[in-house]
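Colleague: Here it is, the structure, as structure tokens.
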Amino acid sequence: MSYTKRSCISGLFLLFLALACEANSGFIGVKDSRFELNGSPFLFNGFNSYWLMHVAADPTERYKVSEVLKDASVAGLSVCRTWAFSDGGDRALQISPGVYDERVFQGLDFVIAEAKKYGVRLILSFVNQWNDFGGKAQYVWWARNAGAQISNDDEFYTHPMLKKYLKNHIEKVVTRLNSITKVAYKDDPTIMAWELMNEPRDQADYSGKTVYGWVQEMASFVKSLDNKHLLEVGMEGFYGDSIPQRKSVNPGYQVGTDFISNHLINEIDFATIHAYTDQWVSGQSDEAQLVWMEKWITSHWEDARNILKKPLVLAEFGKSSRGQGSRDIFMSSVYRNVYNLAKEGGTMAGSLVWQLMAHGMENYDDGYCIVLGHNPSTTQIISDQAHVMTALAHSFN
């Protein structure tokens, strides 16, 4: 390669980085049921990569984080959802209540610094419903070891010791001073939003009232520490008792949350839904699953717009490569639905596909793994959605 070509490519890359950094200036806010950035509407296409901190805890593997964030940015993806928790177990962030591994925290510092570098906003989740990376079961185990009498894992939402453990973790994360950027997390606009919990469920109270009380308490606590960032619950979107007729939209069961009441809490800034048709309505044909998916998204958009009056994000969706049907057809259909609803004023704000991985991470593949560039057609579909959502946001101006 000639010196001239190298200089040209280097110059373009520096320009790309400058534009990415400019895109990350300012906090994302909410106005009139849609996101805004520096006074302009903000719509996006994005992705999940739960593993970023876990991998970045090992400095020799950080190139994987850089690869995914860079490739995502080049494709136009501007929001990434990832974990700010790892409780007990391998590469634990929180080794035991209030005891942290600085090496892992520095991994999260790196993730935030790299996201800023490439112009990607982050949604950071505080704890897991599931046992992966500890979850509420790990909190219960810790509390029992400390002498607490706890009958089941769903006391996570009500037991004073468990709530105190979580509040301590939230405060530790929110007030963390990034060792690389020297900016406290609570002051860093690279972080778009905090998430209370990944997919909260409560099998002890299907009405959603117990989770409502927990969300109210935790959301108020987060906002007392940080009123600059947005906050969301982390819900899948299951309807509860507040509007009984809406429960018919659920995939045949409830999980102890209430999409309406839980998101009406003032401190919650936007609503989320998740959707996995190949798991939730697996007995149906591909065509029927797409019909169900469109109804699921549209019903929640209607409620976000008319009842909640808050933005809506499809925060997890995907189609397993191990199942039947075409992933590309499924994703194109979902993206088209999201875009068409977003055109109606921006309440439908964007979607986050599950999930992006770096090259050489086959051992992490849960069937939903996507490596940008590995499958050109899928990559093009994802990138096209990013660009049309950005163009739509500009058209609102």
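Colleague: State the number of residues belonging to region 304-361 that are at positive phi and of a type in the set (D, E, K, R).
Modeller: Residues meeting the conditions: 1.
Colleague: Give me the residue from region 273-314 that is aromatic (Phe, Trp, Tyr) and touching a helix residue (DSSP H, G or I) at 6+ places or on another chain (Cβ under 7 Å) and, out of that set, least open to solvent (accessible area, probe 1.4 Å).
Modeller: 296
Colleague: Would you be able to say whether some residue in region 372-389 is open to solvent by less than 50 Å² (accessible area, probe 1.4 Å), small (Gly, Ala, Ser) and either on the phi < 0 side of the Ramachandran plot or without any contact (Cβ under 8 Å) to a residue 24 or more places away in the chain (or both)?
Modeller: yes
Colleague: Checking the condition over 17 Å from residue 139 (Cα atoms) and open to solvent by 10 Å² or more (accessible area, probe 1.4 Å), which residue from 212, 185 passes?
Modeller: The unique qualifying residue is 212.
Colleague: Working carefully through the options 259, 330, 317, 270, find the one that is in contact with a Pro (Cβ under 8 Å, 6 or more places away or on another chain) and open to solvent by less than 20 Å² (accessible area, probe 1.4 Å).
Modeller: 270
Colleague: Before we move on, is residue 45 polar (S, T, N, Q), at pLDDT below 95 and either within 22 Å of residue 366 (Cβ to Cβ) or open to solvent by less than 10 Å² (accessible area, probe 1.4 Å) (or both)?
Modeller: No: the conditions fail for residue 45.
Colleague: Out of region 134-169, which residues are of a type in the set (Gly, Ala, Ser) and either farther than 11 Å from residue 97 by Cα or crowded, with 16+ Cβ neighbours inside 10 Å (or both)?
Modeller: Correct list: 134, 135, 137, 143, 147, 148, 151.
Colleague: Considering only region 363-370, I want to know if a residue exists there that is among the hydroxyl-bearing types (Ser, Thr, Tyr) and either under 25 Å from residue 301 (Cβ atoms) or surrounded by 21 or more Cβ atoms within 10 Å (Cβ to Cβ) (or both).
Modeller: Yes, the conditions are met somewhere in region 363-370.
The values are calculated or read from the model by the stated rules, or taken from the named source; none is laboratory data. Just so it is clear, the model here is predicted, and its values are computed rather than measured. Virtual Cβ from ideal backbone geometry, glycine too; neighbours counted across all protein chains shown. To get the accessible areas, we keep the full protein, side chains included, count just its heavy atoms, and leave off ligands, DNA and RNA. Shrake-Rupley method; radii C 1.70, N 1.55, O 1.52, S 1.80 Å.
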